[in-house]
Structures are given as structure tokens and as C-alpha cells.
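Q: Attaching a single structure in C-alpha cells format; questions to follow.
The values are calculated or read from the model by the stated rules, or taken from the named source; none is laboratory data. This is a predicted model, so every value here is computed, not measured. Cβ coordinates were reconstructed from backbone atoms using ideal geometry, including for glycine residues, and neighbour counts include every protein chain displayed. Protein only, heavy atoms only, side chains kept; ligands, DNA and RNA dropped before computing areas. Shrake-Rupley method; radii C 1.70, N 1.55, O 1.52, S 1.80 Å.
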Amino acid sequence: QRTANCLYKLKVPILPRIMTEYAHSMTGIDIHPGAEIGESFFIDHGTGVVIGETTVIGDYVKIYQGVTLGALSTRGGHKQKSMKRHPTVEDNVTIYAGATVLGGSTVIGQGAVIGGNVWVTQSIPPFTKVSI
């Protein structure tokens with residue numbers, strides 16, 4: 001993904017997406033080449049993980065299987081391609097299995113913990129634990 005991201009930033013057509021689609025077919029993890037990922041990013045049992053194009057992930061973030069960092073469905077759809085549509089996850093966040101975090105204005109604050117199967121569409125303050 002890091003190589004695909006570099007090519008994506010250089011506006012190399014098609015190749016970055018081919019690279020991440022190949023990785024997806026081998027791992028079950030779908031990370032768009034446009035996603036920005038910090039240092040020491042950990043995915044445990046990655047099957048079903050989806051990370052959208054404008055997602056920003058900080059340093060030392062851990063996520064588990066089935067996590068989606070995606071966009072909210074809105075009117076205008078494709079017209080919003082150039083906008084930030086996916087969440088920001090700050091440093092030292094843990095997101096447990098099956099959680100869904102949606103929206104370009106959604107920020108998961110530093111040190112937060114998002115429990116399994118939680119649906120998040122609003123920002124979460126730093127050092128907060130969210131569960132259902």
C-alpha cells in the first residue's frame with residue numbers, strides 16, 4: 001500500500017489500484033491507494049477490512065477484522081470525489097472487529113478505543129472508549 005500510495009500521489013494511472021486490488025485478493029484487506037497511513041499500523045486478522053481513499057490513519061493504530069473506514073452515503077455521490085469523504089483516525093487508536101467508522105468529518109481522537117460492532121458517524125474525543 002505504501003508503494004501504491006506514492007504512485008497514487010504522482011498521479012500514475014491504474015497501476016496503484018491494480019497493486020491494491022492484488023493485495024486485496026491475496027489478503028482480504030481492501031486499502032485504497034489514496035489512504036494516508038502513519039507509522040506502525042497493525043491489522044490483526046485482516047479479512048474484511050476496508051479503508052477508503054481519503055482516510056487518514058495516524059501512528060500506532062491497531063484495527064481488527066471486518067473494520068470499515070468508509071464514506072457516508074450522501075447526495076451528490078461522484079461529484080464529491082475531490083472532497084474528504086472518509087474518517088481520520090489519530091495516533092494510538094484501537095478499533096475492534098466489525099466496527100464501522102464513516103464520514104469525512106469524523107475524527108477518532110488520539111488514544112480512543114472503538115469496541116467491536118460499533119457504528120460511528122460522529123467524532124470521538126481523545127481517550128474515549130466507545131462500545132455497544
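Q: Where in region 35-132 are the strands (runs of 3 or more DSSP E), entirely inside, with at least 1 residues that are at pLDDT 95 or above and surrounded by fewer than 17 Cβ atoms within 10 Å (Cβ to Cβ)?
A: Here the list reads 42-44, 62-64.
Q: Let me ask something additional. Might you check whether a residue that is assigned to a loop (DSSP other than H, G, I, E, B), open to solvent by 30 Å² or more (accessible area, probe 1.4 Å) and over 23 Å from VAL93 (Cβ atoms) occurs anywhere in region 14-25?
A: Within region 14-25 (the criterion being assigned to a loop (DSSP other than H, G, I, E, B), open to solvent by 30 Å² or more (accessible area, probe 1.4 Å) and over 23 Å from VAL93 (Cβ atoms)), the answer is yes, since at least one residue qualifies.
Q: If you scan region 5-30, which residues turn out to be closer than 16 Å to GLY46 by Cβ and of a type in the set (A, V, I, L, M)?
A: Selection gives ALA23, MET26, ILE29.
Q: Return the residue satisfying two criteria in turn: it lies in region 1-13 and is surrounded by fewer than 17 Cβ atoms within 10 Å (Cβ to Cβ) and in a loop (DSSP other than H, G, I, E, B), and of such residues it is modelled with the lowest pLDDT.
A: The extreme case among them is PRO13.
Q: Follow-up question, since we're still on this one. Could you please tell me which pairs satisfy a Cβ distance under 8 Å, a separation of 6+ or placement on different chains, a first residue in region 113-131 that is on the phi > 0 side of the Ramachandran plot, and a second residue that is modelled with pLDDT under 95 and not in a strand (DSSP E or B)?
A: ASN117/ILE132
Q: Could I ask something else about it? Check region 13-28 and report whether any residue there is among the hydroxyl-bearing types (Ser, Thr, Tyr) and over 17 Å from the mean Cα position of the chain (by Cα).
A: Taking every residue of region 13-28 in turn, at least one turns out to be among the hydroxyl-bearing types (Ser, Thr, Tyr) and over 17 Å from the mean Cα position of the chain (by Cα).
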